[in-house]
Amino acid sequence: MANLQTLSKCEDLLTGGHRACAGCTGSNILRQIMLTAGPDTVVGGATGCMEVVTTIFPYTAWKTPFIHSAFENCAATISGVETGFRALKQAGQLPVEREKMNFIAFGGDGGTYDIGLQSLSGAMERGHNMLYVCYDNEAYMNTGIQRSGATPFGAHTSTAPAGKVKQGKEQHRKDLTKIMVAHNIPFVATATPFHWKDLAAKVEKALAADGPAFLNILMPCTVGWGFDPAIGMELCKQAVEANFWPLFEVENGHYKMSKKPKEDRTPIVEWLKPQVRFKHLFKPGNEAILEEIQRWVDDEFTKVQTLCELG
């Protein structure tokens with residue numbers, strides 16, 4: 001299993017000088033995953049934050065092959081590359097040193113939960129040997145902070161604004177992780193860039209799986225969430241401690257909690273307070289919304305915890 005000493009000696013396959021925002025946790029996600037995956041990797045990037053900031057023509061921050069796809073078809077693109085690779089391997093047309101390659105698709109929640117769900121589902125169902133990574137910043141951050149299927153209940157976005165009539169998004173976020181589990185693929189997991197060792201271990205498992213794998217990674221966005229750029233990683237930590245983003249994995253259908261939750265879990269309001277997108281919820285009259293968010297978090301966590309206890 002990868003450790004800090006091992007990872008520190010690996011080549012950084014995402015170079016500095018990319019154009020991510022100050023405080024962006026997404027570039028950290030990409031760097032950590034690529035340190036574990038290594039240079040024998042083909043990367044696909046759906047249109048989105050991480051594609052835009054790393055591949056503004058004529059430059060690229062990637063030291064591996066990188067394929068930019070449309071918003072909706074990154075999973076289909078990489079599944080096609082993986083199929084072509086297998087065909088060449090079966091035909092004996094690959095050099096020995098290229099007979100093992102990793103195929104990773106990256107997409108934001110907009111290109112994964114919503115626009116790209118169909119191609120993602122198809123790629124997982126067909127059983128391609130690939131890893132799909134969703135960097136989940138909970139809205140369409142690259143195109144104007146519109147709400148997505150991953151946006152939490154009560155959050156302010158440009159298309160679900162908080163005002164006199166409504167108080168942000170009126171629906172709870174979609175549970176995409178469980179949707180991926182329902183595809184009966186070998187490996188599904190949640191992660192954050194703060195919990196680097198857990199993330200590295202899950203990337204290793206995902207790439208070693210015999211078939212498709214899916215990682216859902218929380219990505220605090222300083223612009224869309226509205227927080228001090230210095231605290232992005234702290235928000236990852238707090239999201240886990242508040243049970244908003246439990247760390248677990250599902251290997252061949254068996255659930256396992258990756259990090260034991262605290263008995264005295266952090267109230268969800270402590271995670272909400274540093275984020276401008278939730279500031280309206282702390283005005284008089286919105287107490288019921290905060291209570292509903294806490295109820296939902298507790299209920300969803302209980303469901304996951306129960307599944308992990310059953311194994």
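Here are the numbers for the structure shown:
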{"item": "Single residue of segment 4-48 satisfying the filter (among the acidic types (Asp, Glu) and without any contact (Cβ under 8 Å) to a residue 60 or more places away in the chain) that is surrounded by the most Cβ atoms within 10 Å (Cβ to Cβ)", "result": "ASP12"}
{"item": "Scan of segment 188-214 for residues that are over 19 Å from THR6 (Cβ atoms), over 11 Å from the mean Cα position of the chain (by Cα), among the small types (Gly, Ala, Ser) and buried (at least 24 other Cβ atoms within 10 Å of the Cβ), ordered by number", "result": "ALA213"}
{"item": "Cross-chain or 6+ apart pairs with Cβ under 6 Å, segment 102-124 first and on the phi < 0 side of the Ramachandran plot and touching a residue at least 12 places away in the same chain (Cβ under 8 Å), then surrounded by fewer than 24 Cβ atoms within 10 Å (Cβ to Cβ) and charged (D, E, K, R)", "result": "PHE103/GLU82; TYR113/LYS174; ILE115/GLU72; GLY116/GLU72"}
{"item": "Residues that are touching a strand residue (DSSP E or B) at 6+ places or on another chain (Cβ under 7 Å) and hydrophobic (A, V, I, L, M, F, W, C), drawn from segment 71-105", "result": "PHE71, CYS74, ALA75, ILE78, VAL81, MET101, PHE103, ILE104, ALA105"}
{"item": "Subset tally (residues that are touching a Phe, Trp or Tyr at 6+ places or on another chain (Cβ under 7 Å) and not charged (D, E, K, R)) for segment 199-211", "result": "2"}
{"item": "Segment 215-240, residues that are assigned to a loop (DSSP other than H, G, I, E, B), out of contact with any strand residue (DSSP E or B) (no Cβ under 9 Å at 6 or more places or on another chain) and buried (at least 17 other Cβ atoms within 10 Å of the Cβ)", "result": "PRO220, CYS221, PHE227"}
{"item": "Residues located in segment 262-288, provided they are hydrophobic (A, V, I, L, M, F, W, C) and either modelled with pLDDT under 95 or surrounded by fewer than 17 Cβ atoms within 10 Å (Cβ to Cβ) (or both)", "result": "VAL269, VAL276, PHE282, ALA288"}
{"item": "Enumeration of residues in segment 199-257 that are in contact with a Pro (Cβ under 7 Å, 6 or more places away or on another chain), at negative phi and of a type in the set (S, T, N, Q)", "result": "THR222"}
{"item": "Residue list for segment 118-166, filter: of a type in the set (D, E, K, R), buried (at least 18 other Cβ atoms within 10 Å of the Cβ) and in a loop (DSSP other than H, G, I, E, B)", "result": "GLU138, ARG147"}
{"item": "Segment 91-115 - residue that is in contact with a helix residue (DSSP H, G or I) (Cβ under 9 Å, 6 or more places away or on another chain) and charged (D, E, K, R) and, of those, farthest from ALA37 (Cα to Cα)", "result": "ASP109"}
{"item": "Verdict on THR151 being in contact with a strand residue (DSSP E or B) (Cβ under 7 Å, 6 or more places away or on another chain) and either modelled with pLDDT of 95 or more or closer than 24 Å to LYS205 by Cβ (or both)", "result": "no"}
{"item": "From the options ILE104, ILE29, ILE56, residue that is within 30 Å of ALA230 (Cα to Cα), β-branched (Val, Ile, Thr) and in a loop (DSSP other than H, G, I, E, B)", "result": "ILE56"}
{"item": "Residue pairs meeting the criteria (Cβ under 7 Å; at least 6 apart or on separate chains; first under 22 Å from ILE78 (Cα atoms), in segment 195-224; second modelled with pLDDT under 95 and surrounded by fewer than 23 Cβ atoms within 10 Å (Cβ to Cβ))", "result": "ALA200/ALA2; ALA200/LEU7; GLU204/MET1; GLU204/ALA2"}
{"item": "Test set (1) without any contact (Cβ under 8 Å) to a residue 40 or more places away in the chain; (2) in a loop (DSSP other than H, G, I, E, B); (3) of a type outside the set (A, V, I, L, M, F, W, C) - GLU72 fails condition number", "result": "(1)"}
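A quick yes/no check of all residues on (1) of a type in the set (A, V, I, L, M, F, W, C); (2) in contact with a Gly (Cβ under 8 Å, 6 or more places away or on another chain); (3) over 19 Å from LEU272 (Cα atoms); (4) modelled with pLDDT of 95 or more:
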residue: ALA123; (1), (2), (3), (4): yes, no, yes, yes
residue: ARG126; (1), (2), (3), (4): no, no, yes, yes
residue: GLY163; (1), (2), (3), (4): no, no, no, yes
residue: GLU170; (1), (2), (3), (4): no, no, no, yes
residue: LYS174; (1), (2), (3), (4): no, yes, no, yes
residue: LEU207; (1), (2), (3), (4): yes, no, yes, yes
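The values are calculated or read from the model by the stated rules, or taken from the named source; none is laboratory data. All values reported here derive from a predicted model rather than from experimental measurement. Because the Cβ atoms are built from the backbone with ideal geometry, glycine has one as well, and the counts that use them run over all protein chains shown.
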